[in-house]
Amino acid sequence: MPINPDAVGTTSEPSESSWTSKDALLYAVGIGAGTDELAYTTENTNGVQQQVFPTFPVVVGWGRGSAMGNIGSFNPAMLVHGQQGVTLHQPLPVEGKVRVTSKITGIYDKGKAAVVASAAEAVLEDGSPLYTTTMSAFIRGEGGWGGDRGPSGPQNVPPERDPDHQVTYQTSPDQALVYRLSGDRNPLHSDPWFAQNLAGFPKPILHGLCTYGVTGRALVSELGGGDATKVSAVDARFTSPVFPGETLTTSIWRTEPGHAVFRTEASNPDGSNARLVLEDGAAEYAD
């Protein structure tokens, strides 16, 4: 059957997921962290305690227990990740186990497409909340039933001044091959034939959530002073694909105590072909 707008409010069955120190290390390397960020890429460096990037929850229990199974049928090739958010209720442990429940929070009719929004709540074994994730998916060809169009327009608009911080990271041509080991094995990110013939790209693209994670590194660096426990929320909207090997530059504006807005651009290493790839970004942090 087609997408069912009445699925709003439905939830998934709770599912359990766990991770180890190694999973956190692999994620850190997958989003490009290296020898300058040993707190995230090693667990046995003298005088350095391992930490976990605040965007790590996006790979915990990848593909398991989602309420998206409640919305009806659609062609997954027509789905594009639209928005992603993570809110931490306490610092992420290096290893842990959570019980996650997902809920459909909105289904909107954009005419030629549908937008499906969902949220997932993760609690520790003692019942205390650890994190909440939110996401939206843009599904082409599934709109037109005359439903609510949902929220629209720009959000988290940067002030009209130079950013307070600007961080540039060079992604590796092999970046997607490492990131995919954290769970998302979609061949769009690794198989040239699939990317060219089934998705219309000249070559495999970088995972949007990898770009999101690289941006999270920039926020930890500038807003948290390198300490992940000081960054408690990261939210952004995806606007354009990134190719492995491109340069990612995140511009950050501190707008009020504990709050910042940001956007990320991608470009060739020489600065050409610059374009926005994440916008409407907002972060919460501890001063």
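Structural remarks
- Under 14 Å from the Cα of K112 - aspartates and glutamates, other chains or at least 8 residues apart: E142, D148
- Here the convex hull built on the C-alpha positions of segment 1-159 has a volume of 146 cubic angstrom per residue.
- For segment 278-287, backbone phi angles converted through the Karplus equation (6.51, -1.76, 1.60; θ = phi - 60°) give residue-by-residue couplings of 9, 9, 6, x, 9, 9, 10, 8, 9, 5 Hz, Gly and Pro being listed as x.
- Space enclosed by the convex hull of the alpha-carbon atoms of segment 88-168, per residue, Å³: 183
- Summed residue charge, Cβ within 13 Å of V29's Cβ, Lys/Arg positive, Asp/Glu negative: -2
- Charge dipole magnitude, Cβ of K and R +1, D and E -1 - segment 172-265, Cα centre, debye nearest 20: 80
- Only alpha carbons enter this Debye calculation for segment 1-92, each as an equal point scatterer, and the log10 of I(q)/I(0) it gives at q = 0.20, 0.26 Å⁻¹ is -1.06, -1.40.
- Building the convex hull from the alpha-carbon atoms of the chain and averaging its projection over directions returns 15.6 nm².
- Amide proton proximity set for T105, modelled H, under 5 Å, gap of 5+: G9, A117, S118, A119
- Tail fraction, Cα-Cα pairs, segment 132-176, threshold 12 Å, whole percent: 83
- Cα gyration tensor shape for segment 165-285, rounded if a/c is under 1.5, else prolate or oblate: prolate
- What you get for the chain, charging only the Cβ of Lys and Arg (+1) and of Asp and Glu (-1), is a dipole of about 720 debye around the Cα centre.
- Bridgeable aspartates and glutamates around K97 (alpha carbons under 15 Å apart, same-chain partners fewer than 8 residues away excluded): E16, D23, E121, E125, D126.
- The calculated FRET efficiency for V48 paired with N75, based on their beta-carbon distance and R0 = 45 Å, is about 0.45.
- Centre-to-centre separation between the Cα atoms of segment 43-105 and those of segment 144-220: 15 Å.
Since every read-out is calculated from the coordinates, none of them should be taken as a lab result. Values in this document were obtained by computation on a predicted structure and should not be read as measured data. Please note: Cβ atoms are built from the backbone with ideal geometry, for glycine as well, and neighbour counts cover all protein chains shown.
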